[in-house]
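Laboratory data are not the source of any read-out in this text; all were calculated from the coordinates shown. Computed from a predicted structure; not experimentally measured. Cβ: placed from backbone, ideal geometry, glycine included. Neighbour counts: every protein chain shown.
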Amino acid sequence: RFRHMHILPDPSLVFGELAGYWDQLTASQTKEAVRQFTAFGVVVARHNIASHMYQYSKSKQVGFCGDVEFKILDDTNPTMTNYLNLLADLAFYTGVGSKTTQGMGQVVRIMKDEL
């Protein structure tokens, strides 16, 4: 099966995947609502990333390393804002993207006041 490799952080893909993990853990169904909200309500505000390729024995994996800051454009929905913050914290435990069990997709959340 072919999977498209994304080397740029798309908020709807990042948070949609995290919502999928949360849905599996809690038996809730929020993934589609998160994808819809983040498709237009969340943007990459700042980044300092570089793409990298990792060569596996039979395949290649392309991704990126660096810092990404997401900005919620619509702050009139505090429930969704809180939920996206919860998902950002979850990313440390689940990773994001493919091959997370092999060390890819690692995430460390850094709050603005920690910079």
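The table below gives the values:
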{"read-out": "Lysine pairs in the chain with Cα atoms under 28 Å, if 8 or more residues apart or on separate chains", "value": "7"}
{"read-out": "Alpha carbon Rg of the stretch 46-115, scaled by the compact-globule rule 2.2 N^0.38 Å", "value": "1.33"}
{"read-out": "Cα long-axis angle, helix 31-41 against the chain (0 to 90 degrees, to the nearest 10)", "value": "80"}
{"read-out": "Helix-only CD estimate at 222 nm, as mean residue ellipticity for the chain, using -39500 (n - 2.57) per DSSP H run (n ≥ 4)", "value": "-12500 deg cm²/dmol"}
{"read-out": "Cβ-based exposure ranking for Leu84, Leu8, Leu13, in which fewest neighbours within 10 Å come first", "value": "Leu8, Leu13, Leu84"}
{"read-out": "Degrees, to the nearest 10: 78-94 long Cα axis against longest axis of the chain", "value": "30"}
{"read-out": "Between 0 and 90°, nearest 10: helix 11-26 axis offset from the chain longest Cα axis", "value": "80"}
